[in-house]
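**Student:** First the structure, which I've put down as structure tokens, then a few questions once you've had a look.
The values are calculated or read from the model by the stated rules, or taken from the named source; none is laboratory data. Remember, it's a predicted structure, so these values are computed and weren't measured experimentally. Cβ placement follows ideal geometry from the backbone for every residue including glycine, while neighbour counts extend to all protein chains displayed.
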Amino acid sequence: MIGRYQVPSILEFTKLFAAIVRMKHYAIVVSMCSQMELLGVSHDVYSVSILINCFCQLGRIDFGLSVLGKMLKLGVEPSAVTFSTLINGLCNQSKISEAVCMFDEMTEKVLKGLSKTGNTDRAVRFLRLMEGRGYEPNIVAYSTVIDCLCKNGLLKEALDLFSEVKVKGIRPNIFTYNCLIHGMCNLGQQEEATRLLNEMVDNNILLNIVTYTLLIDTLCKEGTISKAVEIVDTMRKQGIEPDVVAYNTLVHAHCKEGMVSEAEDIVDAMIKRGIEPDVVTYSALINGHCLQNEMQKARSVFNLMIEKGCEPDIVTYSTMINGYCNGKRLDKAMELFHEISRKRPIPHTVTYNTLMQSMFQLGKVSTACHIEEALKLFQAMRNSGLELDIVPYNILIDGLCKAGHIEFAKELFHQLSDNGFKLDVYTYCIMINGLCKEGLPDEAYRLFGSMGDNDCLPNSCCYNENDSGVPLQQL
């Protein structure tokens, strides 16, 4: 009969299955599921949960577990109902230990789901609900919530929960410590991270590659790069080979300190060990050369990564553009910028800001043609879909004022409020300074007086002597 009509959707099949289950005809649902699959209709989480329930009701929990395995292989995420159905089936067959394991797996998935979506409060509440109902969460559940708290910058709350875990006699594992150490490093608490690492060693918890990489990162941020290099040797002695992330941390640290030659030696060493540099590695080397104003070497690394089949990302391009701008090679910077436009990675606001600032600093907007070029760049940024703040407007207004294009600057300044931007003290100072420079002290005075009306209080920059030589407090 089905063959004569359009094949029903999974939603329609699920409604039918649910109705048949209410009549307790479980075997019919199992049979119909097979027919549905032959028709090419794929299961969803609801239909799978119904099928598992039918197997459990028929006393074939083993088939129910097989369906769960198939579900996971197909990438269908089990719901709480799916797990509850299996747990109930296991309990009915007196398989209590298996039911407990299934319950643990269910709670872990719920907590991980809440954590991934940033629902920190709900994850904590769910954990407390479990405790309140007499179920003691395991270390995986606690670690999942601790990780969620750390990722949301709630380190104090994470440490409080960590202390609570230890008081309860639950032994933290490597994942628990790694979450906390990572959270501490992100907040610049390197000393606390080191203390926690020592605690791990004291508790005979073997460090893994994640922990070592975090330690390397911590030491590099503290400026003790030599100790970070020693850690790599320690890793190898313990049979743990550093991965590209660990090497990249070292390369970045050396480049940041101006030790580009040493960074290149590290890259050579990692290649010899069969670890290929990635876009992060090459970008770090490029940045190192740019910081040393070695743009030819930076370009060589840029070309090399392309030859090796490693596609530059927006960070790589932005680094090169910034390097060219700092080296007063705006032509080269714009050349790369147009290359980005062709390849379609979206430039950062920082990239646009750098280019605009360089245009003004290098005097590229002295003519009407160059003004149009700067405004085109600004308009491209506005049309790119990037969320803009006040900074690019400040750069453009400042540049126009300094280039003597006060009317352009005034027009843009007055557009800011209309576009929903809150003017900051720096924006006012730029405009007031520009008006003074153009011999318009009355306008400057009126603008200065309007700052308070816009909840913007003058600071020291407003009272410093401006380019016209007139202190603003004398206006």
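**Student:** Being in a loop (DSSP other than H, G, I, E, B) and either in contact with an Asp or Glu (Cβ under 6 Å, 6 or more places away or on another chain) or not hydroxyl-bearing (Ser, Thr, Tyr) (or both), is that true of even one residue in the range 395-403?
**Tutor:** yes
**Student:** Cβ contacts < 9 Å: first residue in a loop (DSSP other than H, G, I, E, B), restricted to the range 175-203; second residue at pLDDT below 85 and surrounded by fewer than 20 Cβ atoms within 10 Å (Cβ to Cβ), any location; separation 6+ or different chain. Result?
**Tutor:** Going by the 9 Å Cβ cut-off, the qualifying pairs are Gly188/Lys221.
**Student:** Going by what's in this entry, would Glu105 be described as at pLDDT below 85, in a loop (DSSP other than H, G, I, E, B), closer than 29 Å to Thr144 by Cβ and within 41 Å of the chain's Cα centre (by Cα)?
**Tutor:** No; evaluated as a whole, the condition is false for this residue.
**Student:** Spot the failing condition for Leu472; the list is (1) over 28 Å from Arg382 (Cβ atoms); (2) at pLDDT below 80; (3) surrounded by fewer than 18 Cβ atoms within 10 Å (Cβ to Cβ), and only one is missed.
**Tutor:** (3)
**Student:** Given the residues Lys376, Lys410, which is the only one that is among the basic types (Lys, Arg), surrounded by 15 or more Cβ atoms within 10 Å (Cβ to Cβ), assigned to a helix (DSSP H, G or I) and free of Cβ contacts under 8 Å to residues at least 40 places away in the same chain?
**Tutor:** Answer to the check: Lys410.
**Student:** With respect to Ala141, determine if the residue is crowded, with 19+ Cβ neighbours inside 10 Å and either over 22 Å from Val210 (Cα atoms) or modelled with pLDDT of 90 or more (or both).
**Tutor:** So Ala141 does not fit the description; no.
**Student:** Moving on to the next point. Just wondering, is there one or more residues in the range 6-13 that are under 40 Å from the mean Cα position of the chain (by Cα), free of Cβ contacts under 8 Å to residues at least 24 places away in the same chain and within 24 Å of Gln93 (Cβ to Cβ)?
**Tutor:** no
**Student:** Mind checking which residues of the range 413-464 are at pLDDT 85 or above and outside any helix (DSSP H, G or I)?
**Tutor:** Of everything in the range 413-464, those that are at pLDDT 85 or above and outside any helix (DSSP H, G or I) turn out to be Glu438, Gly439, Leu440.
**Student:** Filtering the range 358-373 down to residues that are surrounded by 18 or more Cβ atoms within 10 Å (Cβ to Cβ) and of a type outside the set (A, V, I, L, M, F, W, C), which residue is modelled with the lowest pLDDT?
**Tutor:** My answer is Lys364.
**Student:** Same structure, new question: Take the range 281-314 and flag every residue that is within 23 Å of the chain's Cα centre (by Cα) and buried (at least 19 other Cβ atoms within 10 Å of the Cβ).
**Tutor:** Once the filter is applied, which keeps residues that are within 23 Å of the chain's Cα centre (by Cα) and buried (at least 19 other Cβ atoms within 10 Å of the Cβ), the range 281-314 yields Thr281, Tyr282, Ser283, Ala284, Leu285, Ile286, Asn287, Pro312.
**Student:** Going by the structure shown, is Ala246 closer than 30 Å to Pro172 by Cα and among the small types (Gly, Ala, Ser)?
**Tutor:** Yes.
**Student:** Shifting gears a bit: Can you tell which of Gly274, Gly258, Gly183, Gly239 is modelled with pLDDT of 85 or more, surrounded by fewer than 13 Cβ atoms within 10 Å (Cβ to Cβ), farther than 24 Å from Gly288 by Cα and not hydrophobic (A, V, I, L, M, F, W, C)?
**Tutor:** The match here is Gly239.
**Student:** May I ask you to verify whether Glu157 is surrounded by fewer than 22 Cβ atoms within 10 Å (Cβ to Cβ) and within 30 Å of Arg122 (Cα to Cα)?
**Tutor:** Answer is yes for this residue.
**Student:** Please work out if Val201 is surrounded by fewer than 18 Cβ atoms within 10 Å (Cβ to Cβ) and modelled with pLDDT of 85 or more.
**Tutor:** The answer is no for Val201.
**Student:** Now a separate question. What single numbered condition from (1) in contact (Cβ under 8 Å) with a residue 12 or more places away in the chain; (2) in a helix (DSSP H, G or I) fails to hold for Lys328?
**Tutor:** Status for Lys328: all satisfied but (2).
**Student:** Modelled with pLDDT of 85 or more, closer than 29 Å to Met130 by Cα and either touching an Asp or Glu at 6+ places or on another chain (Cβ under 6 Å) or not β-branched (Val, Ile, Thr) (or both): is that true of Cys91 in this structure?
**Tutor:** For Cys91, the condition - modelled with pLDDT of 85 or more, closer than 29 Å to Met130 by Cα and either touching an Asp or Glu at 6+ places or on another chain (Cβ under 6 Å) or not β-branched (Val, Ile, Thr) (or both) - is not met.
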